[in-house]
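Reviewing the structure listed below.
The values are calculated or read from the model by the stated rules, or taken from the named source; none is laboratory data. Predicted model only: the values in this text are computed from it and were never measured. Glycine gets a Cβ as well: all are built from the backbone with ideal geometry, and neighbour counts include every protein chain shown. Ligands, DNA and RNA are excluded from the accessible area calculation, which covers all protein heavy atoms including side chains. Shrake-Rupley method; radii C 1.70, N 1.55, O 1.52, S 1.80 Å.
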Amino acid sequence: MPSHQPWYHDNITRSKAEDLLSKAARDGSFLIRDSESVQGAYALCVLYQNCVYTYRILPNEDKKLSVQASEGVPIRFFTMLPELVEAYQSPNMGLVTHLQYPVQREEEVEEEQESNNHPPQLPPRNFMADGKESESKTSEQATKSLLDTYLTRLQHIDLSTLSEEHQMAVQEYFTSSICLDAEQVQNGNPNLPGLKKLILAVCKNLNSEISRILPALEVFHRALDQQLSPGIGPKPILADSGQSMSSRLEQLTKLLYSIEDKAKSSVFEAVGYDGGHRKSLIPVVVFEVKQESLGISTKMVLKVDVESGKIYFKKSKDGPEDKYFVHNKILQLVKSQKMHAKLVIVVETEKEKILRKEFVFDDTKKREGFCQLLQLMKNKHSEKPEPDMITVFVGTWNMGNASPPGDINSWFHCKGLGKTQDDTANHIPHDVYVIGTQEDPLGEREWSDIVKNVLRKITNISFKQVAIHTLWNIRIIVLAKPEHENRISHVFSDSVKTGIANTLGNKGAVGVSFMFNGTSFGFVNSHLTSGSEKKLRRNQNYINILRFLNLGDKKLNPFDITHRFTHLLWLGDLNYRVELPSSEAENIVTKIKQQQYQELLSKDQLNMERNDGKVFLHFEEEEITFPPTYRFERDTRNKYAYTKAKATGTKYNLPSWCDRVLRKSYPLVHVVCQAYGCTNDIMTSDHSPVFASFEVGVASQFVSKQDPNSDPQGGIQIMNCVAILLTKSKTRFFIEFHSSCLEKTVKTSEGENTEQCDGSIKVWFGNKVELTPIISDPEYLLDQHILICVKSTDCDESYGEGCVALRAAQFCYREFQITLTHQGEKTGTLTGGIQLSTSEFKPTEKLYDFIKIEKDDAAPSKGKSGDKSSVTQTHDISNPSYMGVSFKSGNVVDKGWSYSLPPRNVSIGGKGGKESKKPSYDPGVQSPTAIHYIKSEDEKLSEMLDNPLYGSMAKSHSQAKDQGHQQLDHLTPSPDGDSDRPPLPMPRNRSFTSSENRSHTSTSISLHPPGQKKPVVPSRSEGGGAQNRPPLPNKSRPEPQTPKPRDYRDTSEFPGKQRLPTRPGLPPPHKDIHPEYPKTGRPLN
């Protein structure tokens, strides 16, 4: 851009531009600077009523410039900035006010005051017809105007620094070639051959030099490259590839950066240099607790030394440390459900006796911090070669085009408001960090260095970059511990534009996927359309991202990204707003000050759209217990800036939860949200950063321990499949089965169609399908899933996809029902049965088995010791996350799948219906993979699984859906209407841990079809138990027996259970008795 333009300020910072405009102090003052976030773009800064309004000037693919002005204003394109400025000097162009007074560079101000020699006025010119005058202008006049414009500019530029050859090339272009280019454009050819010829002439030597040096750099790069997966790496850049010069320069720059990073990494690793930081060490942490014995409370001190693998039991901080237990003698941690600060530590003495030590911590957060440290200790000293559980940090932040502050540690520590972690967990690093940003003004390298430095500072670990991907100023970066580098493979990244006409990347999504050993992960960071009224547009953005984001296994083409990964996490500025009238703004702020979020969340657009099944079908979100993260005044978190002056009037941006983290996982996998909240000390943007922390089970790259020669061939049988498809298509259908445990895709024969009275089609796939896994080891198979796709025979198009977990058939035949979806929409249901044929096995204890949940009154605690088997059965509590039991206030009850339960008299076993051995307390046997639960008959399952760590039973903020049509679009007024009064007493504090006190509602696992939303209230005779009956005193409570282990999902233990449709060919059972299931657990032929 010519430097003499008075309003062009090159690459000054945003803050500097604002200072200059503030000094001008006149409405309509403006300047243009380079964009800090998008290369090749500009920012138009306008002063109006003491506020600076910034509009992006974005180039399209043809390098035409357009201004992102108010919605509804026609988009105009300009070839050069002077044309754009001239056009927007007219009123009513979509800006807050028209451009009037150019603000000059500071160094030019004094010269301007002494001299009135203005540059010659540039002749007006428009390619775009926006008036009668433009429409009447002939193409010859337009070309002549273009020629005059550039020749005038050329006269004011000093060309003496150029070589004679280059001078002639530039002058020749502006005297003749540019006219030819204009004619080409008018004839529909936008390639500008004259410009390409000029660039090739000017860059002739550079082009040949690039072609000469690139092969050497490529070889050097390959030698340094330690790829995360085979085949992943930069493609060779060929000399005759036909790429533009700018593209080749960009690739050359990236290649040089990559070489520099890899060379440093290799050398540092070879010499043992870790960037000046010592090896990550977890400091010793001391907890003050109370130990209760015979009704007497005694103060104790628990000292946790993760590095040495010991826990000390002391009577005081300065007391002797002679009483301690080593990590392998700490058998289990059992959390109390009713007392959220209470914890039972089960240890083994030298005489192989079991001790149950009960402690009460100062608060719930301390207990959770202690449990995380003990879990880390067990993992650190584990003899297993591969981890079976990792922790994943997910963060999203709309940076508001402002550089981050110097200290963003709280974000990565999960500190602030909402469900947060205790200080004792500060030194526990996550295994994987996923950070998504929007309106990010920094370059990839700069932001990557900032994040790595922060993590190095707080963890003393130099994290490895797995991937980074940027679409304009939407960015995602994934970092992992160095020890996991060889466990991560098949890394892919992609992006989708959803801006104007789906061609601009100011809105859209970026994604990264990879395999962690045998578990697939997908992460999507999206920035959706803004504006409270643009809800439907946001929904369409979501669908487009599902359709076009290309991540994961390419063999799973029939499936969108919601089915391709064991765990899919979706983060970003989703821009869904609180749907209330602007007149409620003050009342909303009052509700927020009083922490009364539930009424606002019932009007949250994302919650309402999810409840209606329009977006994020079957996704889950942790309960929101933090205030809205948008729109704050910058540099403070005490005031929401919910109004903004626009040319069309005042625009309201009501405080809203725009920034979210959602997840979707395969059935029956372990995943727990440990934290979900926002920071309150990072204030450079009008958004607050949001964090989430997840504990995730992972499968290893399986190597069977069995003798291949003696290993019987395992099998998977899927039978009696019936699909209900929401379509009027007359085609025939078949099913495809996909899985990483299968050698190839398996297809069924055509199904038999039956048209239903509601317009849907019922398809019966009667044949039994035999699937042969590549590995028949049962421990491997129980971690696997079968992806199901219903396709048409004529065009091979998908009519719905779903997923079945093999773990559901661990003990016997299971019937399943899954919701079929396609591109984010429900397309029907599929029912059927599944059975496994495997050998008997002893399941290996997982790290997440180490922590259990227990009701306080589940059994009397008589004495402190016993043998390994005497204590176990009463406390054999399965991990509810395995069954997907979700009692938190998530917005979606229908998870898209359910499994039938056998009658209580059905024996369960490994193969052939053999009765499995009774489980003992040995951690090698106790595993949630067994899906056992033993309890007294009068206890309700919903009480047993009321686990605050694995999900709150608090009322969902989406429960207002059934009453939504009766609710008025206004809030109930706060008492006295005084927004400055102290907050009202609330049932929760501002910060939360994994097991915070919550209001509970009795809930049972839903096994009825998703369409039946009204739950059945159990009567006392149906096994629900008398809710108001007081518990028996401990002394009169009968001693617990040791019953045979059975699946805790037994029919009799589910109050109000509704039966699934019977399998085809079986008569319907009587409504008052259990259905006659086929014999289960039988060996397969």
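Scan region 670-684 for residues that are open to solvent by less than 20 Å² (accessible area, probe 1.4 Å) and assigned to a loop (DSSP other than H, G, I, E, B) and report the count. So the answer is 3. Of the candidates Leu255, Leu206, Leu195, Leu249, the single residue that is open to solvent by 50 Å² or more (accessible area, probe 1.4 Å) and either modelled with pLDDT under 75 or farther than 25 Å from Lys64 by Cβ (or both) is Leu206. Checking each residue in region 28-50 for being closer than 26 Å to Trp447 by Cβ, of a type in the set (A, V, I, L, M, F, W, C) and in a strand (DSSP E or B) picks out Ile32, Ala43, Leu44, Cys45. Report, by residue number, each residue of region 15-59 that is in contact (Cβ under 8 Å) with a residue 40 or more places away in the chain, within 39 Å of the chain's Cα centre (by Cα) and open to solvent by 60 Å² or more (accessible area, probe 1.4 Å). Listed by number, the residues that qualify are Glu36, Cys51, Thr54. With respect to being under 30 Å from Lys378 (Cα atoms), modelled with pLDDT of 75 or more, open to solvent by less than 60 Å² (accessible area, probe 1.4 Å) and not in a loop (DSSP other than H, G, I, E, B), Leu302 fits the description. With respect to Ala692, determine if the residue is surrounded by 23 or more Cβ atoms within 10 Å (Cβ to Cβ) and of a type in the set (A, V, I, L, M). Taking the combined requirement at face value, the residue satisfies it.
Does Lys534 satisfy being in contact (Cβ under 8 Å) with a residue 24 or more places away in the chain and within 22 Å of Thr643 (Cβ to Cβ)? So Lys534 passes the test. For region 712-730, residues that are open to solvent by less than 40 Å² (accessible area, probe 1.4 Å) and either modelled with pLDDT under 75 or out of contact with any helix residue (DSSP H, G or I) (no Cβ under 8 Å at 6 or more places or on another chain) (or both) total 11. When Arg125, Arg76, Arg105 are screened for being surrounded by 11 or more Cβ atoms within 10 Å (Cβ to Cβ), modelled with pLDDT under 80 and closer than 27 Å to Leu21 by Cα, only Arg105 passes. Of all residues in region 579-589, none are in a strand (DSSP E or B), open to solvent by 10 Å² or more (accessible area, probe 1.4 Å), touching a residue at least 40 places away in the same chain (Cβ under 8 Å) and out of contact with any Gly (no Cβ under 9 Å at 6 or more places or on another chain).
When the test is whether a residue is in contact with a helix residue (DSSP H, G or I) (Cβ under 7 Å, 6 or more places away or on another chain) and over 30 Å from Gln332 (Cα atoms), Gly832 does not pass it.
From the list Ser489, Ser493, the lone residue that is touching a strand residue (DSSP E or B) at 6+ places or on another chain (Cβ under 6 Å), at pLDDT 95 or above and more than 18 Å from Glu444 (Cβ to Cβ) is Ser489.
Condition check ((1) under 27 Å from Asp553 (Cα atoms); (2) open to solvent by 10 Å² or more (accessible area, probe 1.4 Å)) across all residues:
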residue: Asp758; (1), (2): no, yes
residue: Gly800; (1), (2): yes, no
residue: Glu825; (1), (2): yes, yes
residue: Thr831; (1), (2): yes, yes
residue: Ser837; (1), (2): no, yes
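Among the residues of region 315-323, none qualifies, meaning not one is surrounded by 14 or more Cβ atoms within 10 Å (Cβ to Cβ) and either modelled with pLDDT of 90 or more or within 37 Å of the chain's Cα centre (by Cα) (or both).
Could you run through region 731-747 and say how many residues are part of a strand (DSSP E or B) and either of a type in the set (Val, Ile, Thr) or surrounded by 15 or more Cβ atoms within 10 Å (Cβ to Cβ) (or both)? Final tally of qualifying residues: 8.
Restricting Leu528, Leu571 to those that are open to solvent by less than 10 Å² (accessible area, probe 1.4 Å), in contact with a helix residue (DSSP H, G or I) (Cβ under 6 Å, 6 or more places away or on another chain) and either free of Cβ contacts under 8 Å to residues at least 40 places away in the same chain or among the hydrophobic types (A, V, I, L, M, F, W, C) (or both) reduces the list to Leu528. Looking across region 531-555 at every residue that is out of contact with any strand residue (DSSP E or B) (no Cβ under 6 Å at 6 or more places or on another chain) and of a type in the set (A, V, I, L, M), the one that is surrounded by the fewest Cβ atoms within 10 Å (Cβ to Cβ) is identified as Leu536. Being surrounded by fewer than 22 Cβ atoms within 10 Å (Cβ to Cβ) and in a helix (DSSP H, G or I) holds for only one residue in Glu779, Glu750, and it is Glu779.
How many residues does region 463-486 hold that are open to solvent by less than 40 Å² (accessible area, probe 1.4 Å) and in a loop (DSSP other than H, G, I, E, B)? Counting residues in region 463-486 that are open to solvent by less than 40 Å² (accessible area, probe 1.4 Å) and in a loop (DSSP other than H, G, I, E, B) gives 3. Within region 286-299, the set of residues being in contact with a Ser or Thr (Cβ under 6 Å, 6 or more places away or on another chain) and either of a type in the set (Lys, Arg) or at pLDDT 95 or above (or both) comprises just one member, Lys290. On the stretch given as region 145-183, residues that are over 13 Å from Leu198 (Cβ atoms), open to solvent by 30 Å² or more (accessible area, probe 1.4 Å) and among the β-branched types (Val, Ile, Thr) total 3. Residues that are more than 26 Å from Leu479 (Cβ to Cβ), assigned to a loop (DSSP other than H, G, I, E, B) and of a type in the set (S, T, N, Q) are absent from region 534-554 altogether.
Residue count for region 375-413, restricted to those that are out of contact with any strand residue (DSSP E or B) (no Cβ under 6 Å at 6 or more places or on another chain) and more than 24 Å from His567 (Cβ to Cβ): 14. Among the conditions (1) open to solvent by 20 Å² or more (accessible area, probe 1.4 Å); (2) of a type in the set (Asp, Glu); (3) over 28 Å from Val46 (Cα atoms); (4) not in a helix (DSSP H, G or I), Asp635 misses just one, which is (3).
Anything in region 782-825 that is part of a loop (DSSP other than H, G, I, E, B) and at positive phi? List them, or say none. Within region 782-825, Asp796, Gln823, Gly824 meet the criteria.
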